[in-house]
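Working notes for the structure below.
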Amino acid sequence: MMIAALFLALHVVAASVWVGGMFLLLVCLRPNLPALEPPQRLTLMRGTLAKFFPWVWAAVITLLVTGYGLLFGAHGGFAGAAIYIHVMNLLGLVMMALYAHLFFAPWKRMRRAVDGQDWPEAGKNLDQIRLFVTVNLTLGLITLAIAGAGRYLV
Ligand code: HEM
């Protein structure tokens, strides 16, 4: 029981760090970026994302380990789990796949472009990152709502 409590606590904290971080980026930081010139804006975003993404990897690993730990340890595996757990699992895996793509494709290109001061290329890749983060924030908020309220719907 103590392990399940610890796993659930870590699971919820990891989800909050990931989804809350995306909310801050998109809803609060992004509307203020046009105030800066492209070199400043893209350098700021390169630094901010370089600090955020290791935390997202930590959140992804924590969500997987604790999510499947709870699923198999406390919910009787896939067969025994309620529908909202299946939905959470599915949406969570989609979010992780999108994040992995964002990290290894546009983020890698954006880092290289900012370091080489190729601002148009960096801006193009930041736009792609923004699209992925928009989709993932939407999925993350839906997942949180379903995960939190699901027990009353079964
Ligand atoms: C990727 C695979 C995932 C698996 C296998 C998984 C599995 C689980 C399991 C088994 C529970 C325990 C439910 C309970 O005891 O009632 C749980 C709880 C929770 N999960 Fe996930 N999860 C995953 C991803 C996510 C993601 C991506 C988020 C949010 C963005 C999330 C948010 C939550 C929340 C908020 C709870 C607490 C629900 C509550 O008890 O109030 N999970 N998850």
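Every read-out reported here was derived from the displayed coordinates using simple, explicitly stated rules and does not represent laboratory data. These figures come from a predicted structure and were not determined experimentally. Neighbour counts run over all protein chains shown; Cβ positions are idealised from the backbone, glycine included.
Answer with yes or no whether Leu63 is more than 11 Å from the ligand (Cβ to nearest atom), under 13 Å from the mean Cα position of the chain (by Cα) and surrounded by 12 or more Cβ atoms within 10 Å (Cβ to Cβ).
Taking the combined requirement at face value, the residue does not satisfy it.
Of all residues in region 109-127, those satisfying the criterion of being surrounded by fewer than 16 Cβ atoms within 10 Å (Cβ to Cβ) and more than 20 Å from Leu26 (Cα to Cα) are Arg112, Asp115, Gly116, Gln117, Pro120.
Would you check if Val154 is assigned to a loop (DSSP other than H, G, I, E, B), more than 8 Å from the ligand (Cβ to nearest atom) and either touching a residue at least 12 places away in the same chain (Cβ under 8 Å) or closer than 28 Å to Pro34 by Cα (or both)? Answer is yes for this residue. In the set Leu102, Leu90, only one residue is assigned to a helix (DSSP H, G or I), of a type outside the set (Val, Ile, Thr) and either farther than 16 Å from Leu144 by Cβ or in contact with an Asp or Glu (Cβ under 9 Å, 6 or more places away or on another chain) (or both); that residue is Leu102. Within the option set Ala79, Ala100, Ala58, being more than 10 Å from the ligand (Cβ to nearest atom) and touching a residue at least 40 places away in the same chain (Cβ under 8 Å) holds for one residue only, Ala58.
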